[in-house]
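The structure appears below as structure tokens.
The values are calculated or read from the model by the stated rules, or taken from the named source; none is laboratory data. Given the structure is predicted, the values throughout are model-derived calculations rather than measurements. With ideal geometry, Cβ positions are generated from the backbone for all residues, glycine too; neighbour counts draw on all protein chains shown.
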Amino acid sequence: MQLLKSLIVFLSATCFNWFSVPLLAQTAGGQAIFSFLRLPTGAQQSSVGGETTSLISRDLGIIHQNPALLRPFHHSQLSLSFTPMPAGIQQYYLAAAVYKEKIATAFAAQVQYIGYGSIMQTDPSGNELGNFNPRDYQVQLTASRRYLDKWHYGGSLQFIQSNYGAYRSSGMAITLGMNYFDSTRQFQAGLVMKHMGIQLRNFVPGQTENLPFELQAGITKRLARAPLQFSVTLRDLHRLILYKPDSTISSADQIFQHVVLGAQAFIGDKIELGVGYNHLRRRELSIANTSNGLTGFSLGAGILINRFQFRYARSFYTNVKGYHQVSMNYDLGIMN
């Protein structure tokens, strides 16, 4: 009952603040700018399906999914992820955290950068004008605090920019999240509202576009008598229909598109294994009249050695290829 009451209070307060600020413009469906914000930034996140709001981990990179996952034990940690993509595209993610005991608050700074390589620039007649280097990036400042014994809440302030040669856009956004953890039952729950904000500079003067708002909720449960943990994340809860190219997709399929499944196995305290399934990803990227193999699936592994963590993930976006992701997490050992 206390859990339900606290959840209702949190949702009511957050929604009141959200709707009472007219400057926070976001889309409730369709296309939005800064779509790179939806990409998974770390290997652990990718290994369990690419979306998770409730997974508490010593891996600092997991806080990109929900600011409330930032904890005091992340103090002095440094996290770095690298994701090579097709056509020479590279994604980098860097995060660092500190915990201030005097104010009982954890802080983190995060940077996500995507470079698309060098592309030839031409005019409408096809004349070459040289090369340009398109890129996207965001900088986040995150804070998280504990409420009572089992609750954490947090928020991130984001500066976002896309630079595509002559076309540029920037924006500011906030992400708000909460997390519940019952250590006795090894049960975790999370709720997050992502990318609520405004466009500061438009690609086309006078033409304002929406940010990719997303509402997510999820639970994670570790078994008491087996080294296994399972996660269920519900994505895009503010939208009813996510992907429906024709009438052949059933209502059950449309519902399942909101679901991301993840599972982890722990071998002692040094090795973690993960697997995930993202049904929306499989639906959007499936090719008609052919086998789609492991599209929508992901897997990964982690090695935890003293203050160093190494994680690797492979996510399948087509029936023949997947992309790799490498993450490293290091505890600098700085005294609080």
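Counting the residues of segment 315-332 that are touching a residue at least 40 places away in the same chain (Cβ under 8 Å) and either exposed (fewer than 10 other Cβ atoms within 10 Å of the Cβ) or of a type outside the set (Gly, Ala, Ser) (or both) gives 10. Scanning segment 273-285 for residues that are without any contact (Cβ under 8 Å) to a residue 60 or more places away in the chain and among the charged types (D, E, K, R) turns up Arg282, Arg283, Glu284.
Could you say which residue among Leu200, Leu215, Leu242 is more than 22 Å from Ala313 (Cβ to Cβ) and outside any strand (DSSP E or B)? Among Leu200, Leu215, Leu242, only Leu242 is more than 22 Å from Ala313 (Cβ to Cβ) and outside any strand (DSSP E or B). Residues in segment 290-314 that are on the phi < 0 side of the Ramachandran plot and loosely packed, with under 11 Cβ neighbours inside 10 Å: Thr290, Ser291, Ile305. Look at (1) in contact with a Pro (Cβ under 7 Å, 6 or more places away or on another chain); (2) at pLDDT 95 or above; (3) surrounded by fewer than 18 Cβ atoms within 10 Å (Cβ to Cβ) and you find that Tyr116 fails only one, number (2).
Any residue at all in segment 73-83 that is of a type in the set (Gly, Ala, Ser), part of a strand (DSSP E or B) and at pLDDT 95 or above? Yes; the residues of segment 73-83 include at least one that is of a type in the set (Gly, Ala, Ser), part of a strand (DSSP E or B) and at pLDDT 95 or above. Quick one: in segment 142-179, of everything that is in contact with a Ser or Thr (Cβ under 7 Å, 6 or more places away or on another chain) and among the aliphatic types (A, V, I, L, M), which residue is surrounded by the fewest Cβ atoms within 10 Å (Cβ to Cβ)? Once the filter is applied, the top-ranked residue is Ala143. Taken over segment 67-99, the criterion of being in contact with a Lys or Arg (Cβ under 9 Å, 6 or more places away or on another chain) and under 26 Å from Phe316 (Cβ atoms) is satisfied by Ser81, Pro86.
Kindly evaluate Ala252 against the criterion of being surrounded by fewer than 15 Cβ atoms within 10 Å (Cβ to Cβ), more than 18 Å from Gln45 (Cβ to Cβ), of a type in the set (A, V, I, L, M) and free of Cβ contacts under 8 Å to residues at least 60 places away in the same chain.
Numbers: surrounded by fewer than 15 Cβ atoms within 10 Å (Cβ to Cβ): yes; more than 18 Å from Gln45 (Cβ to Cβ): yes; of a type in the set (A, V, I, L, M): yes; free of Cβ contacts under 8 Å to residues at least 60 places away in the same chain: yes.
Yes.
Which of the residues belonging to segment 218-235 are in a loop (DSSP other than H, G, I, E, B) and in contact (Cβ under 8 Å) with a residue 40 or more places away in the chain? Once the filter is applied, which keeps residues that are in a loop (DSSP other than H, G, I, E, B) and in contact (Cβ under 8 Å) with a residue 40 or more places away in the chain, segment 218-235 yields Pro227, Arg235. Being farther than 16 Å from Thr52 by Cα and at pLDDT 90 or above is a description that does not apply to Ala288.
Looking for whichever is aliphatic (A, V, I, L, M), over 30 Å from Met328 (Cβ atoms) and surrounded by fewer than 19 Cβ atoms within 10 Å (Cβ to Cβ) here; the options are Ile287, Ile271. Which one fits? The conditions single out Ile287.
Of all the residues that make up segment 166-182, how many are of a type outside the set (Ser, Thr, Tyr) and touching a helix residue (DSSP H, G or I) at 6+ places or on another chain (Cβ under 8 Å)? If you could, list the steps in order and put the result at the bottom.
Of the residues in segment 166-182, the ones of a type outside the set (Ser, Thr, Tyr) are 166, 168, 171-174, 176-179, 181-182.
Narrowing the set further to residues that are touching a helix residue (DSSP H, G or I) at 6+ places or on another chain (Cβ under 8 Å) leaves 176-179.
The qualifying residues number 4.
Scan segment 39-47 and give yes if some residue there is outside any loop (DSSP other than H, G, I, E, B), in contact (Cβ under 8 Å) with a residue 12 or more places away in the chain and hydrophobic (A, V, I, L, M, F, W, C), otherwise no. Yes: segment 39-47 contains one or more residues that are outside any loop (DSSP other than H, G, I, E, B), in contact (Cβ under 8 Å) with a residue 12 or more places away in the chain and hydrophobic (A, V, I, L, M, F, W, C).
Rundown of residues vs (1) of a type in the set (Ser, Thr, Tyr); (2) more than 29 Å from Leu280 (Cβ to Cβ), yes/no style:
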{"site": "Asp123", "(1), (2)": "no, yes"}
{"site": "Arg135", "(1), (2)": "no, no"}
{"site": "Arg145", "(1), (2)": "no, yes"}
{"site": "Lys194", "(1), (2)": "no, no"}
{"site": "Gln199", "(1), (2)": "no, no"}
{"site": "Ala217", "(1), (2)": "no, no"}
{"site": "Thr220", "(1), (2)": "yes, no"}
{"site": "Arg239", "(1), (2)": "no, no"}
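Residues checked against (1) within 22 Å of Leu69 (Cβ to Cβ); (2) assigned to a strand (DSSP E or B); (3) not small (Gly, Ala, Ser):
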| position | (1), (2), (3) |
| --- | --- |
| Ala96 | yes, yes, no |
| Phe107 | yes, yes, yes |
| Gly126 | no, no, no |
| Ser144 | yes, yes, no |
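Of the residues making up segment 146-165, those that are part of a loop (DSSP other than H, G, I, E, B) and either touching a helix residue (DSSP H, G or I) at 6+ places or on another chain (Cβ under 6 Å) or touching a residue at least 12 places away in the same chain (Cβ under 8 Å) (or both) number 3.
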